Amino acid sequence: MQFQDLIKKRILVFGANGMLGQRVIELYKDQPGIELLTSSSENESIFPGLAYLQCDITKREDVKKLIYDFVPDAIINASAYTNVDKCETERELAWKVNVKGVEYICEAARVLDTHLIHISTDYIFDGTAGPYSEVDVPSPVSYYGRTKLASENAIKISGALHTIIRTNVLYGVIASGRLDFVRWVVNSIRKGEKIRIVTDQINNPTFLDDLAIAIVDIIRFKKYGIYNIGGRELLSRYDFTMRIVDFFGLDPSFVTAIVTEDLKQPAKRPLKSGLIILKAESEFNYKPVSIDESLAIMKKELAL
Ligand SMILES: NC(=O)c1ccc[n+]([C@@H]2O[C@H](COP(=O)([O-])OP(=O)(O)OC[C@H]3O[C@@H](n4cnc5c(N)ncnc54)[C@H](OP(=O)(O)O)[C@@H]3O)[C@@H](O)[C@H]2O)c1
């Protein structure tokens, strides 16, 4: 064993109370050799006893102080303004969180040579020619997508050591906060509510555990640049719903097929989307589970 192996790796997680942040923390929190600091905009952590500091990433001096005080080896930025429709009207706030906040994190990360792992999205694409590889040309159709693309560009020009992870449709086990898509489908139908699901949005839904493991591996193997991290199966949201219905033995008559246009949402969505994951598979052996395997894990862990 080398001396440096005895030193704990310091990992800082922004967006700790969010869907992805929670799952990343679950994975790291009991690992020997890891000193974890978690942060979010809320006053308290949802993990009692875990090192936590409240920080609004739009406050430059607060972000820099937090990072300089902790001196992390790696920062995982899972914080973002993620409400796609609200981004259309709350443009100033969306830009502040998704772009300026990321710039502030980069400034401090660059000074300390800290590895920044930032989470981006397939919404940087227009959805006319998916699934997309890491080298395809972005062309966002929503303000959310524009802020996320701008954050990628801000990171690229910042001089910080970085990895940009693009992902899509996150689902999985989360202890607290909003329901993921799978639990929303299961809960709605079990309550006897009819749900309307689009047939024209195609992507490869990403199981949170797969993404969290990919993040850990990216830090461990020092992988830099852009990586797509998505699920193994490319399918429409309607077909994904039917897989959930089938797996949990729900009544399919509660699901009505519609198209995106019917929803009249404020923000446009990329339709033919999804992310090609070959680079991650070949470079660090990324192996996402199948949809059925992920649903089995959720069923067991959440007693669904
Ligand atoms: N969910 C998906 O399907 C999906 C798909 C593709 C990419 N992504 C990307 O993946 C990442 C994680 O997504 P998620 O679904 O886990 O998001 P999430 O559940 O909405 O969590 C985001 C977290 O960021 C925090 N946050 C918001 N504004 C902040 C601020 N000013 N300062 C500090 N923290 C702030 C939120 O705290 P509050 O709740 O207190 O505001 C929340 O805890 C995001 O970058 C997102 O763009 C998500």
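The values are calculated or read from the model by the stated rules, or taken from the named source; none is laboratory data. Keep in mind it's a predicted model, so treat the numbers as computed, not measured. As a convention, Cβ positions derive from the backbone with ideal geometry for all residues, glycine included, and neighbour counts pool all protein chains shown.
Before moving on, here are some points about what is shown:
- Residue within region 252-269 that is within 30 Å of ILE75 (Cβ to Cβ) and of a type outside the set (A, V, I, L, M) present: yes
- Inspection of region 146-155 finds a residue satisfying the criterion of being away from the ligand (no atom under 13 Å from the Cβ) and not charged (D, E, K, R).
- Residues being in a helix (DSSP H, G or I) and within 16 Å of the ligand (Cβ to nearest atom) - total across region 5-35: 10
- Screening the candidates ALA160, ALA108, ALA94 for the property of being out of contact with any Ser or Thr (no Cβ under 7 Å at 6 or more places or on another chain), touching a residue at least 12 places away in the same chain (Cβ under 8 Å) and within 15 Å of the ligand (Cβ to nearest atom) yields one hit, ALA108.
- Cβ separations smaller than 6 Å between residues 6+ apart or across chains give the following pairs from region 271-291 residues that are surrounded by fewer than 15 Cβ atoms within 10 Å (Cβ to Cβ) and at pLDDT 95 or above to residues that are part of a loop (DSSP other than H, G, I, E, B) and among the charged types (D, E, K, R): SER290/ARG232.
- Selection of first residues in region 115-136 that are more than 12 Å from the ligand (Cβ to nearest atom) and of second residues that are part of a loop (DSSP other than H, G, I, E, B) and among the acidic types (Asp, Glu), restricted to Cβ pairs under 9 Å at least 6 apart or on distinct chains, gives the following pairs, ordered by first then second residue: HIS115/ASP73; ALA129/ASP136; GLY130/ASP136.
- For region 183-213, the candidate set comprises residues that are of a type in the set (Asp, Glu) and surrounded by fewer than 18 Cβ atoms within 10 Å (Cβ to Cβ); within that set, the residue that is farthest from the ligand (Cβ to nearest atom) is GLU193.
- Test: residue in region 168-182 that is under 13 Å from the mean Cα position of the chain (by Cα), within 13 Å of the ligand (Cβ to nearest atom) and not in a loop (DSSP other than H, G, I, E, B): yes
- Test: residue in region 80-90 that is at pLDDT 95 or above, surrounded by 15 or more Cβ atoms within 10 Å (Cβ to Cβ), among the basic types (Lys, Arg) and within 22 Å of the chain's Cα centre (by Cα): yes
- Filter result for ALA80 (touching a Gly at 6+ places or on another chain (Cβ under 8 Å) and of a type in the set (Gly, Ala, Ser)): yes
- Long-range neighbours under 8 Å by Cβ, at least six apart or interchain, first residue closer than 26 Å to ASP30 by Cα within region 40-61, second part of a strand (DSSP E or B) and small (Gly, Ala, Ser): TYR52/SER39; TYR52/SER40; LEU53/SER39; GLN54/SER39; GLN54/SER40; CYS55/SER39; CYS55/SER40
- The listed residue being under 21 Å from TYR171 (Cα atoms), without any contact (Cβ under 8 Å) to a residue 40 or more places away in the chain and surrounded by fewer than 23 Cβ atoms within 10 Å (Cβ to Cβ), out of LYS29, LYS8, LYS65: LYS29
- Subset of region 65-83 [farther than 17 Å from GLU152 by Cα and within 12 Å of the ligand (Cβ to nearest atom)]: LEU66, ASN83
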